[in-house]
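This report refers to the structure that appears directly beneath it.
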Amino acid sequence: MSSAATTDRFAVRVFGGPTALFEYGGLRFLTDPTFDEPGDYQVPSGPALTKTAPAAGAPADLGPVDVVLLSHDEHADNLDDSGRALLAEIPLTLTTPGGGERLGDKAKGMVDWEQVKLDRPGGGTVTVTAVPAVHGPAPREEVEPFAGQVVGFVLTGQGLPTVYVSGDNASLELVGQIAERFSPVDTAVLFAGAPRFPMLFDGRPIVLDSTQAVEATRLLDAPRVVPVHYDGWAHFTEGRRELETAFAEAGLTDRLDWGSRG
């Protein structure tokens, strides 16, 4: 459980799409690296994904990165060509079990609730817990044949705030399970944007929409939410304006933190 001593807010740099960089416990974490130029990108199955805006920075702007927290490796809006090249330079990538097999020796696939302890530079450890996620509005067994595996993460450590990185999750039920174990979460990095495809799940969002992001915030009892995965791609159907409106209507505007750009 968090205390006033552990809830200090750390800086988060956002680059567009799902990509964010933050330092936690002396280690530098990067989420889903996407730095390619705008254009059309194919996926193993399904329609092409169209990137509409460049990243707010380049890999050269990041500085050293210790760990990549990768929601999944199969879609270009979560890991593109530049991101793949970057993984070779980073000591550790934590991701799905399938991604761990596909991405080579520096990648570790994690199953639900599995934990990895990382040594902090000044002593002590950061614990990364893999938490469940589903990339669509249906049970995993129905979603994974179309959208593949996804994973989220919770970061904890002695004297540190609790951090949740949702990944491409669409299930509030799973957020509730995470909350049962970790609430209150001090900072929630929520992937949102309500991405939709007419041919999948009757056009329902395959990641949280803005109203669901509000409900996730309540479930997690999170005083701070950093939204990502809401801009830069054509299939994201809700952006900053919709998120601001949803949080305002819920009386939770003060919990939104847009991070620093690039």
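No lab work stands behind these numbers, since they all come straight from the coordinates. What you see is a predicted model; the values in this text were computed from it and never measured. All Cβ positions, glycine included, derive from the backbone under ideal geometry; neighbour counts span all protein chains shown.
Across region 159-179, the number of residues qualifying as part of a helix (DSSP H, G or I) and either of a type outside the set (A, V, I, L, M) or surrounded by fewer than 24 Cβ atoms within 10 Å (Cβ to Cβ) (or both) comes to 6. Scanning region 14-27 for residues that are out of contact with any Gly (no Cβ under 6 Å at 6 or more places or on another chain) and surrounded by 16 or more Cβ atoms within 10 Å (Cβ to Cβ), we see that the one that is nearest to Ser166 (Cα to Cα) is Pro18. In region 218-234 there is at least one residue that is assigned to a helix (DSSP H, G or I), on the phi < 0 side of the Ramachandran plot, surrounded by 14 or more Cβ atoms within 10 Å (Cβ to Cβ) and charged (D, E, K, R). Only residues that are part of a strand (DSSP E or B) and under 20 Å from Thr95 (Cα atoms) were counted in region 17-50, giving 11.
Residues that are within 14 Å of Asp209 (Cβ to Cβ), free of Cβ contacts under 8 Å to residues at least 60 places away in the same chain and out of contact with any helix residue (DSSP H, G or I) (no Cβ under 8 Å at 6 or more places or on another chain) within region 225-248 comprise Phe236, Thr237, Gly239, Arg240, Arg241, listed in sequence order. The C-beta contact set for region 152-173 (first residue closer than 11 Å to Thr187 by Cα, second residue of a type in the set (Lys, Arg) and part of a strand (DSSP E or B), distance under 9 angstrom, 6+ apart or interchain) comprises Pro161/Arg224.
Residues of region 180-209 that are under 15 Å from the mean Cα position of the chain (by Cα) and outside any strand (DSSP E or B): Val185, Ala192, Gly193, Ala194, Pro195, Ile206, Val207, Leu208, Asp209. Could you grab the pairs with beta carbons closer than 6 Å, sequence gap of 6+ or different chains, first residue in region 199-219 and closer than 13 Å to Asp168 by Cα, second one of a type outside the set (Gly, Ala, Ser) and not in a helix (DSSP H, G or I)? The qualifying pairs are Pro205/Arg196; Ile206/His135; Ile206/Pro195; Val207/Asp168; Val207/Phe191; Val207/Pro195; Asp209/Glu238; Ala213/Leu190. Strands (runs of 3 or more DSSP E) fully within region 51-139 that include at least 1 residues being touching a helix residue (DSSP H, G or I) at 6+ places or on another chain (Cβ under 9 Å): 67-69, 92-95, 107-109, 125-132.
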